[in-house]
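FYI, it's all coordinate maths here, none of it is from the lab. Keep in mind the model is a prediction, meaning the values are calculated, not measured. Heads up, the Cβs are rebuilt from the backbone with ideal geometry, glycines too, and the neighbour counts pull from every protein chain shown.
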Amino acid sequence: MGTDVTQGIRVEVRPRFEPAHSDVPQGRCIFSYRVRIVNEGSRPVKLLRRLWHIHDGLAPVREVEGPGVVGETPVIAPGERYTYESFCDLRSGQGRMHGSYLMSRLPDDHFFEVRIPEFHLELPWLAN
């Protein structure tokens, strides 16, 4: 699990290998990850965009960028949390991800970036 705090916004990520959706011999390794974003600040924030850097042991680095997360641009009030799940496919059984969110602090729309901590994606039998 990875955790990072930027300007009062805590981001925690927990990855998991998904064997039922993977075909490892064919180079299709699916990993899900659960992200929890906690607003530890004193003002609401809105998540506007995301940028992921995906490092795969057998492929070039990929970047995934776009509006919001899983089709949403949530507003997170002070003391509240927002949780979502998504997935990533790798050709190899080892990789890592990290990135950032673009957020705005409400009501004045002060824009700032929030770090998404680096976390590792690896097949369970490679962890030893």
Nonlocal amide H pairs with Glu80, under 5 Å, H built at 1.01 Å: Asn39
Residue-by-residue Karplus 3J(HN,Hα) for region 27-33, coefficients 6.51, -1.76, 1.60, Hz, glycine and proline x: x, 10, 10, 9, 10, 9, 8
Mean separation of Cα contacts under 8 Å, 6 or more apart, over the residue count of region 10-50: relative contact order %: 43
Beta bridges by DSSP in region 70-128, antiparallel share as percent, to the nearest 5: 100
Cβ charges +1 (Lys, Arg) and -1 (Asp, Glu), total dipole of the chain, debye: 140
Calculated FRET efficiency for the pair Phe87/Phe112, C-beta based, R₀ 30 Å, to 0.05: 0.65
Residue order, fewest to most surrounding Cβ atoms within 10 angstrom, among Glu122, Glu63, Glu80: Glu63, Glu80, Glu122
Vicinal HN-Hα couplings computed from phi for region 75-82 (Karplus, 6.51 cos²θ - 1.76 cosθ + 1.60; Hz; Gly/Pro x): 9, 10, 6, x, x, 9, 10, 10
3J(HN,Hα) from dihedral phi, region 54-65, Karplus parametrisation 6.51/-1.76/1.60, rounded to Hz, x for glycine, proline: 10, 9, 10, x, 10, 8, x, 5, 10, 10, 10, 10
Listed residues Leu48, Ser86, Pro25: farthest to the positive end of the dipole of region 1-113 (Cβ charges): Pro25
